[in-house]
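*Asks:* I have a structure I would like to understand better, so I am pasting it below and will then ask my questions one at a time.
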Amino acid sequence: MKLKLYFLLGLVASWAPTSVAQVVSLSTTEPQRGDVIRITFSLQEGTFSLADPVYIYCPIREESGRQQIEVQRMQREEGKLVADLPVSEKASSIRIAFVSDGDWDYDNTQTLQVVDAEGKLYRNGYLESVYSDEGAYTKELAAYPDNYAIYKGRWQILAASQPEEGPEIISEEWALIEEGGTRNAEYYHAKVTSHATLGEFEKAGEGMAELLDKFPASPWITDAYSYLGYMLFSKQASMNPKLNEQVRDYLRAHPGSDLAKERIGGYVFGTVQDEYKDLIASIAEAWLEKEPDLPLMHLAAARVGEDRAERLDHLSQASNLFINQDQMVYDGNTWGYLVYHMLPVAQTYLELGAPSEALGILAVLEGNTDKLESDFFETKGAAWEALFQYDKAMGDYLKAADLGSETSLELAKKLYTTHYDPTGESFEAYQAKTLAAQMKANEVPMAADFSVTDLEGNAVALSALRGKVVVLNFWFIGCAPCRVEMPGLNELVADYAEEEVAFVAFALDGQESLEKFLAKKAFDYTIIPDADGIATEYGVQAYPTHVVIDKEGRIQSTLTGGSETRHEDLKPLIDRLLR
């Protein structure tokens, strides 16, 4: 499962300091609706270079609970960067973050409460502050005692920071809400999030069903459902089938809902099932009428449409919008993550008999990121084969096979049998020769050296591991996909115990937190604490990330995202470097 980049990063960022003197200045720290906030960012003291295009990324929480995102590219003015942010007539709070080329300046994130003419806060004024201000939830409840949605952030932090006492506190707080709380949408949101945090998924599902039934127009539906899905994934549990069907019925009845916008990706990535095509089409139509520049909705329309010309037009719009720099910031995408969005565009072009257009999409991706996996090269091979460019097709199929794709290996064998001389060299000899030529031709970057100390106090240096295949993992305790992949990764360590392979995991957490965590959950990699700096040096932008380094110290593969089968993806990458 691939989670949105900004979600994973946002949880890390939320615990960072909210301001650093003199780097950021604001024209007001108590904005009112209708104001324009002048934001000034000092390049000399900031984390971005003079050449960087810098954006403000602003989640704006409305009084209803709905979150809107405002993105602006900052303008240069007298050696500084400036932006003017209008305060909408529905805003309750605003978080201002700074991002450039996928890098976030967490230290200078600002969070503001919007006030009325008398200085009074609006409902949800503290919702954007709950991760950075320990007292935010008490301040919100003092003003709005029935806004139980504020508890979600508190409960997340309690579960992560106090694994022993946290669950008991969460249970007690939910019991008090259940006993005397107003049965509003926020109540059912809290029912979902409390029980999901505690791993009580049957009760969480009950709350979700009630929220859908009683408050179908509530903005809290999307947040509650997304959180429930995330927690289910973190525990490798499944959504109740009855609730799944209720959600689909809801989407059919409300194709223009926020939940429909959030869920569309789950329907259009991978194989589109016939039974959902009408649902996908209705969601795409509803949202494109409201927001015609949503790339994912254009992709959805292209995947399920019937008219070829219209489908091609939607693909063209989707690809242009996906790679628009402003849109990438809005979506929280980097080029490495954008592969997961753009690859279906190329695959749909192929389905429509447009291999040249597919290759154009793939060339754009290949020119901007080296984080490419087997499915990328398999798609590229299919495009070349459709154009009768068999040598190029073979090269990409074999590259995909070398990265672990059994399907690509079979495609390569079939192509070899059909279009190459069967009386000549064997397929295996051709495969070895082709891969050797590819490796020689490719410029493979050297991995940045590091010299660190593990949890046991042992020195670990990349230079000392030369001659071994080195597998690096970047993770943190609060990352559910990171935890999900650990049992499989432990199997991987055991499988290669007698081989020249080193497994090193760089954690963002400190030693004490890691020791408490590892006392309950085994992770057999060599663990390095407080590894933020190494993660930055390796350009890690989402968690978990694996980097596979060959015996000469060159980066051969980078895998982003976690699942219970991640070890199966890593195994062929390791095996080919041991050959």
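*Asks:* So how tilted is helix 486-495 from the main axis of the chain? Cα-based, degrees 0 to 90, rounded to 10.
*Replies:* Tilt relative to the chain: about 30 degrees.
*Asks:* State the three equivalent ellipsoid semi-axes of the range 292-441, derived from the C-alpha gyration tensor as the square roots of 5 times its eigenvalues, in descending order and whole Å.
*Replies:* They are 32, 18, 10 Å, listed largest first.
*Asks:* Let me ask something additional. For the pair residue 425 and residue 203, what calculated FRET efficiency results from E = 1/(1 + (r/R0)^6), where r is the Cβ-Cβ distance and R0 = 60 Å, to the nearest 0.05?
*Replies:* 0.40
*Asks:* Can I ask one more? Ordered by packing density, taken as the mean number of other Cβ atoms within 10 Å over each peptide's residues, highest first, how do 317-330, 239-252 rank?
*Replies:* So the order, starting with the most tightly packed, is 317-330, 239-252.
*Asks:* Put +1 on the Cβ of each Lys and Arg and -1 on the Cβ of each Asp and Glu in the chain; which of 251, 393, 190 then has its Cα farthest toward the positive end of the dipole?
*Replies:* Of the candidates, 393 comes out farthest on the positive side.
*Asks:* Per the Kirkwood definition applied to all pairs of different Cα atoms, how many angstroms is the hydrodynamic radius of the range 392-502?
*Replies:* 17.7 Å
*Asks:* Unpartnered cysteines of the chain (Cβ-Cβ under 4.7 Å counts as a partner)?
*Replies:* 58 - these cysteines have no disulfide-compatible partner (Cβ-Cβ under 4.7 Å) in the chain.
*Asks:* Apply 1/(1 + (r/R0)^6) to the Cβ-Cβ distance of residue 175 and residue 325, taking R0 = 56 Å, and write down the FRET efficiency to the nearest 0.05.
*Replies:* Numbers: r = 49 Å, r/R0 = 0.87.
Calculated transfer efficiency: 0.70.
*Asks:* Run through the DSSP bridge list for the range 451-578 and note the antiparallel percent, rounded to the nearest 5.
*Replies:* 55 percent
*Asks:* Can you tell me, using C-alpha contacts under 8 Å and at least 6 residues apart, the relative contact order of the range 246-295 as a whole percent?
*Replies:* Numbers: 26 pairs, mean separation 20.3, N = 50.
It comes to 41 percent, rounded to a whole number.
*Asks:* In addition: How long are the three semi-axes of the equivalent ellipsoid for the chain, computed from the Cα gyration tensor as the root of 5 times each eigenvalue, in whole Å, largest first?
*Replies:* Taking √(5λ) for each Cα gyration eigenvalue gives 41, 29, 25 Å.
*Asks:* Which one, 42, 233, 431, is farthest towards the positive end of the dipole of the chain when Lys and Arg carry +1 and Asp and Glu -1 on their Cβ?
*Replies:* 431
*Asks:* Mind ranking 466-474, 127-135, 78-86 by how tightly packed they are, going by the mean number of other C-beta atoms within 10 angstrom, highest first?
*Replies:* Numbers: 466-474: 21.1, 127-135: 19.6, 78-86: 15.6.
Going by the mean number of other Cβ atoms within 10 Å, highest first, we get 466-474, 127-135, 78-86.
*Asks:* Using only the alpha-carbon atoms of the range 86-139, report the extent along each of the three principal axes, biggest first, to the nearest angstrom.
*Replies:* 39, 28, 13 Å, listed from the longest principal axis down.
*Asks:* Further question on the same structure: Counting only the backbone N, which residues of the range 258-279 are under 17 Å from the spot 7 Å out from the Cα of residue 249 toward its beta-carbon?
*Replies:* 279
*Asks:* Place the peptides 164-173, 139-148 in order of packing, highest mean first, counting for every residue the other Cβ atoms within 10 Å and averaging per peptide. Before the final figure, lay out the partial values.
*Replies:* Numbers: 164-173: 14.2, 139-148: 17.5.
With the highest mean Cβ count within 10 Å placed first, the list reads 139-148, 164-173.
*Asks:* Once R0 is set to 30 Å, what does the formula 1/(1 + (r/R0)^6) return for the Cβ-Cβ distance between residue 51 and residue 554, expressed as a FRET efficiency to the nearest 0.05? All intermediate terms of the calculation are to be shown ahead of the outcome.
*Replies:* Details: r = 28 Å, r/R0 = 0.93.
Between residue 51 and residue 554 the formula returns 0.60.
*Asks:* What residues from the range 111-136 fall in the zone where the backbone N is under 15 Å from a label point 7 Å along the Cα-to-C-beta line of residue 32?
*Replies:* So the set is 114-122.
*Asks:* Between the range 453-472 and the range 273-306, what is the separation of their alpha carbon centroids in Å?
*Replies:* 48 Å
*Asks:* A follow-up question, please. Would you mind calculating the relative contact order of the range 451-578 from Cα pairs under 8 angstrom and at least 6 residues apart, reporting the percent as a whole number? Please list the in-between numbers first.
*Replies:* Working: 223 pairs, mean separation 44.1, N = 128.
This gives 34 percent for the range 451-578.
The numbers here are math on the coordinates, done by the rules we state, and not lab data. Computed from a predicted model, the values in this text were never measured in an experiment. Glycine also receives a Cβ, built like all others from the backbone with ideal geometry; neighbour counts cover every protein chain displayed.
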